[in-house]
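So the structure is just underneath, and the comments pick up after that.
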Amino acid sequence: MSEIEEFCEEAHSVAREHGWWDKNRDHKEAILMIITELCEGVQKDRAGDNDGFEEEIVDVWIRLADLTGYLNFDIEEGIRKKMEYNKTRPYRHNRKY
């Protein structure tokens, strides 16, 4: 098992142990929790709280790992495939931003 897989498994296990999956929760709610952590990070950054900002970014990673553990899919393979695909995309594809 890779370190990323272990991290996802541990994050999901801790989340379960602490009641985050007690209700019939689905992945959509977990995604909203990730978005919430990102918003909290923006608030900390705007307030000039670098330590708080970094902590919220860490929370994003933990919540993503929790979701990945819940979904039980190979995140490493998914990342590799997506990164290879992204290399083939044009500069600022779809004129975003």
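Summary table
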| read-out | value |
| --- | --- |
| Qualifying positions in the stretch 7-34 - closer than 14 Å to L64 by Cα, charged (D, E, K, R) and part of a loop (DSSP other than H, G, I, E, B) | D26 |
| Any hit, the stretch 73-93, residues being of a type outside the set (K, R), touching a Ser or Thr at 6+ places or on another chain (Cβ under 7 Å) and assigned to a helix (DSSP H, G or I) | yes |
| Any pair with Cβ under 9 angstrom, 6 or more apart, that starts in the stretch 44-56 at a residue that is in contact (Cβ under 8 Å) with a residue 12 or more places away in the chain and ends at one that is surrounded by 10 or more Cβ atoms within 10 Å (Cβ to Cβ) and outside any helix (DSSP H, G or I) | F53/A47 |
| Single residue of K87, K81 found to be surrounded by 11 or more Cβ atoms within 10 Å (Cβ to Cβ) and among the basic types (K, R) | K81 |
| Only listed residue being more than 17 Å from the chain's Cα centre (by Cα), outside any loop (DSSP other than H, G, I, E, B), exposed (fewer than 13 other Cβ atoms within 10 Å of the Cβ) and modelled with pLDDT of 95 or more, chosen from D51, D45 | D51 |
| Yes/no for A65 being modelled with pLDDT under 95, assigned to a helix (DSSP H, G or I) and under 23 Å from I79 (Cβ atoms) | no |
| Every residue from the stretch 1-23 that is touching a residue at least 24 places away in the same chain (Cβ under 8 Å) and either of a type in the set (F, W, Y) or exposed (fewer than 14 other Cβ atoms within 10 Å of the Cβ) (or both) | S2, F7, S13, W20, W21 |
| For I75: the one exception among (1) over 20 Å from A15 (Cα atoms); (2) touching a residue at least 12 places away in the same chain (Cβ under 8 Å) | (1) |
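The values are calculated or read from the model by the stated rules, or taken from the named source; none is laboratory data. As the structure is a computational prediction, the values presented were derived from the model and not from experiment. Heads up, the Cβs are rebuilt from the backbone with ideal geometry, glycines too, and the neighbour counts pull from every protein chain shown.
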